[in-house]
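Every read-out reported here was derived from the displayed coordinates using simple, explicitly stated rules and does not represent laboratory data. All values derive from a computational prediction rather than experimental measurement. Note that we place each Cβ from the backbone using ideal geometry, even for glycine, and neighbour counts take in every protein chain shown.
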Amino acid sequence: MLAVVSLSQSTVLLADSDVAVARRLEALGATVVIKAVRVVELSFRDSKRLGREQWREIGSLTHLKKLTAYGGAKGLNDETVGFLVGLQELESLSLDGAQLSDAGLAKLAELKRLKRVSFFHLSFRKEGFTGEGFSAWTELPNLESLTVAGMSMGDDGFRAIATLTNLRQLRTWHTYRTEASNAEIAKLPRLTTLKLGQRLPQRGNAPLSLSDASLETLSSIKTLETLEIGEADFHLPALRQLAKLPRLKRLKIDRTYLSAADIEALKAALPRVQIRFAPLTEDDRQKLDAYLK
């Protein structure tokens, strides 16, 4: 059983080096989880204070299975990412704000036990970053879940992600994705869970990446069991295409102009699917109006 431990109060016996590292990281706001006298989880709500030395120390905790660094992990970059390759037991990695090139992103493919990875605001507006570094991740045999959100990454990155054939779960929103990326996503042969939101509005007049036109592509992913879609102007006739998905069990739709009557009609068209729908508030409507311009 895992336990969250305050090192200042704990009598858990750790290796001296792990104790010293964990104490320093806890002083910077880390939550430390210990199992069998090893630091196995490390989590930061705010990682802005993590610099080169802190990332080096994190890399020394070689029994880590889960690492989370939210709140702007800009200290993780091409220089410091090499410190993490010693974390050969790491299974879960969640990062917000890391600044990696595609080569730095590819470097993380050395963490062979990774199962679940989430990137938020990775390399946002970093010159030259495309997401093509994901192509190196074909070497990760256990990778099942990937989240990419708030990233200036377009179709090249999703073309690379489409080669990660072990993926079961993909969650993505607020990127530079176009409809072409939806076709790439549809190539994933084992995908059971998919969450899609809209492209970044900062691209000005860039075409929408999620609309009625997307639903025909999504209806070709015959392995899908759970689908979540939002931030789009969907219409009932297009949504009915989801009846083509033989394994679909759960559908969530939010941030759209659909009415309650539309949803009831959709439920009739998809009788074996549990459908969740969140109606727009007036504030939601104003945001969506602005987002879809």
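Brief remarks follow.
- Charge tally for Arg56 (other residues, Cβ to Cβ under 12 Å; Lys, Arg +1; Asp, Glu -1): -1.
- Axial C-alpha extent at least 15 Å, average Kyte-Doolittle at least -1.0 - helices from the chain (DSSP): 16-27
- Residue-by-residue Karplus 3J(HN,Hα) for the stretch 182-199, coefficients 6.51, -1.76, 1.60, Hz, glycine and proline x: 4, 5, 5, 4, 5, 7, 5, x, 10, 5, 10, 10, 9, 10, 10, x, 7, 5
- Neighbours of Val32 by Cβ distance under 15 Å: Lys/Arg scored +1, Asp/Glu scored -1, total +3.
- Cα gyration tensor shape for the stretch 63-120, rounded if a/c is under 1.5, else prolate or oblate: oblate
- Taking the helices alone, the chain has a mean residue ellipticity at 222 nm of -6500 deg cm²/dmol, built from -39,500 (n - 2.57) per DSSP H run of at least 4 residues and averaged over all its residues.
- Each peptide in 123-130, 209-216 receives the mean, over its residues, of other Cβ atoms within 10 Å, and ordering these scores from highest gives 209-216, 123-130.
- Remark on Gly72: its backbone amide H falls under 5 Å from those of Ser47, Asp96, a criterion applied only to residues 5 or more positions apart or on other chains, H modelled at 1.01 Å from N.
- Per-residue 3J(HN,Hα) values for the stretch 67-80, derived from phi via the Karplus relation 6.51 cos²θ - 1.76 cosθ + 1.60 with θ = phi - 60°, read 10, 10, 9, 9, x, x, 8, 5, x, 8, 9, 4, 6, 9 Hz in sequence order (x marks Gly and Pro).
- Above-threshold pairs, the threshold being 21 Å between Cα atoms, out of Lys35/Lys66; Lys66/Lys115; Lys249/Lys293: Lys249/Lys293
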